[in-house]
Each structure stands twice: as C-alpha cells, then as structure tokens.
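Input: a single structure, listed below in structure tokens.
Any read-out appearing in this document is the output of simple, stated calculations on the displayed coordinates, not a laboratory observation. Because the structure is predicted, anything quoted here is derived from the model rather than measured. Note that each Cβ is placed from the backbone with ideal geometry, even for glycine, and that neighbours are counted across all protein chains shown.
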Amino acid sequence: MDSEQVLGGGEPQRVGSFRFYLDGQRWEWSDTVAQMHGYRPGEVTPTTELLLSHKHPEDQPNVARVLDRTVNAAEPFSSKHRIIDTTGKVRQVVVVGDRMFDDSGTVIGTSGFYVDITDSYRTDLNGSVDEAVAELAQSRAVIEQAKGALMLVYGIPAARAFDILTWRSQETNTRLRTIAEQIVAGLADCEPDTHLRTRFDHLILTAHERARQPE
C-alpha cells in the first residue's frame, strides 16, 4: 500500500520508505522521501552521492560511514541526523534500515524508512489513518508500549513514534494493534545494549533526585 498520500491541510506525510539493492548499487525512494529532500516525485533518481550531498555538513562524516556499510555490506542501521533540502531548509530525520532478502534467504540489499521529526507537533490525519486513530482508543495499552519502545530506541517524540506505527500498518495492510503487539512481543528477542541499559539503570536509581530538583 502506498503511503504517499497528502494529509489534511495539504501537509505531506512525515514517514516514507526507501530500498537499496546491492546489485547495481541502486537506490529507490518513495515520493515522501523525495519531497523531504525538496524534489518532486520522479524528478531525480537517488544515488549514494545525491543522498550524501543533502546531509548537513556537521553530520555528513558519520552518515557517510553508515552509508558505506550499507552500500558494501547491507548492514542494518539507524541514524538521527539533519538533511538540507533543495530550498536550503534543514530537516531533522531518523533513518532506519534493515537487510532485505530474496526468496532463497540471500541478502540483496537494505530497506527501511525515513521519519521527519523537524516539527514536534502532529498534523491532523484523515482518510485511512482515521481507522488507526479509532483503533488506538481500543488498544491503547499495547500501542503505547510499542510507541515507548520506538521513542527510546530512536530518540523521537511520541507523535513521530505513532507515525511510524501507522505507516507500517498502512504499508503492510496490517491492523495497527497487530503491528504493536508483534513489536512488543519481539522486544524479548532483542539483545539489550549494555550502554543503554547502564544509562537506564542510572536513570531509575536517580529518578527521585531529579524529581526534587528545582525547576
């Protein structure tokens, strides 16, 4: 299902998809990702060089290393960085990619998504997303858990986390609640990051001290 619909008020969606194929070093991006970079749908063909040219100069070295691993080994990755579109506007984005396999289980590239977190607010959603909002009221607990996991892992606001869940629901034609349930269930299979766990341990043990600090 294509997620590149325009939201109420003419605002574009803030989540879009991409694919990178090892064979031919070929990139594909959705209309939404093209628009994030300032291009009309189909105006340009994305390349590694083009993607790098839009990275903020301060973020480019780190992103270049990530892209190098993606291009040469199709490694999974996540990155929060800034891009500069064709008009000079700076956008803050989170980019997440995972390995893409063919029917035989061979790695053929990377697929994933961009989420634009430049704005901290959420625009009103309409159309098919209304169903997701209605389902949210009925399935709040598990969806909030999944949102919390996305917020922690990617360092994004609650609104953007919900955008990602809604996008995956639309892209895969799967109920939002089902997507959230599978994410929450799969957390048990994820190896905990030692540094993250250490920081979180400290947060738990010092939460009472933070609460007593003057505002």
If the reach is capped at under 18 angstrom between alpha carbons, list the lysines near LYS55, excluding any in the same chain fewer than eight residues apart.
LYS80, LYS89
Express in whole angstrom the spacing between the alpha-carbon centres of segment 92-109 and segment 144-207.
19
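Can you pull out the GluC sites (Glu not before Pro) in segment 19-103 whose DSSP state is coil and whose Cβ has at most 15 other Cβ atoms within 10 Å? Spell out each step's value before the answer.
Numbers: sites: GLU28, GLU43, GLU49, GLU58; in loops: GLU43, GLU58.
Here the sparse-neighbourhood loop sites are GLU43, GLU58.
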Roughly what percent of Cα-Cα pairs across segment 8-116 reach past 19 Å?
41
